[in-house]
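The values are calculated or read from the model by the stated rules, or taken from the named source; none is laboratory data. Predicted model, so just to flag it, every value in this text is computed and none were measured. Methodologically, a virtual Cβ is constructed for each residue, glycine included, from the backbone with ideal geometry; neighbour enumeration extends over all protein chains shown.
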Amino acid sequence: MKKSFLWGLTAKLGYFRRLSKHYKHNIHEAIDKVGMSSYLFENIGDLSGGQQQRIFIARALVSDPSLLILDEPTVGVDAENVEKFFDLLHQLNQQNISLLLVTHDIGTMTHHASKIACLNNTLHFHGNPEEFQSLSKGKLSDFYGHPLHLVTHEH
């Protein structure tokens, strides 16, 4: 097992403690949960962007969080794996893990989020995706301070 999987436990274990069976079990469970068991001994630099994101999620899951905060989690992930990534996030959310995503990809978020907050120095909008989608282009442009082109597509 690569040491990078242990990083999620450093706060609990410190740098020099050995892993108990409990923590080893948590690591394997987290890796299984994100579908990366077959990559357990790979160097993270050899993985695709989507695979790396799954490993980062697994590292976070090892510490049994109730909240995951993800900043631009799909940057560098191809379109096919973006959908798989959001499926994974949906599964985690169904397991009572709250998710906070920061992204500029408004179109994708309207299909995956239960609540949307639109921030640009101040909170301009907070509500459900349907309410957000009903906003005019002009209103969205006002939020961001420049003309905005919103592209959405159904899968």
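What to note about this one:
- Count of segment 30-54 residues which are part of a helix (DSSP H, G or I), among the charged types (D, E, K, R) and either in contact (Cβ under 8 Å) with a residue 12 or more places away in the chain or on the phi > 0 side of the Ramachandran plot (or both): 2
- Count of segment 55-72 residues which are part of a helix (DSSP H, G or I) and of a type outside the set (D, E, K, R): 6
- In segment 74-96, the residues that are over 29 Å from His22 (Cα atoms) and either at pLDDT 90 or above or under 8 Å from the mean Cα position of the chain (by Cα) (or both): Thr74
- Helices (runs of 4 or more DSSP H) completely within segment 73-134 that count 3 or more residues being closer than 24 Å to Gln51 by Cα: 79-94, 106-112
- All of (1) over 14 Å from the mean Cα position of the chain (by Cα); (2) under 30 Å from Ile31 (Cα atoms); (3) among the β-branched types (Val, Ile, Thr) hold for Thr108 with one exception: (1).
- Contact map, segment 129-151: first residue among the hydroxyl-bearing types (Ser, Thr, Tyr), second residue modelled with pLDDT under 85, Cβ cut-off under 9 Å, separation 6 or more or different chains; pairs are Ser141/Pro147; Ser141/Leu148; Tyr144/Asn120.
- Of everything in segment 96-119 that is among the β-branched types (Val, Ile, Thr) and in contact with a strand residue (DSSP E or B) (Cβ under 9 Å, 6 or more places away or on another chain), the residue that is surrounded by the fewest Cβ atoms within 10 Å (Cβ to Cβ) is Val102.
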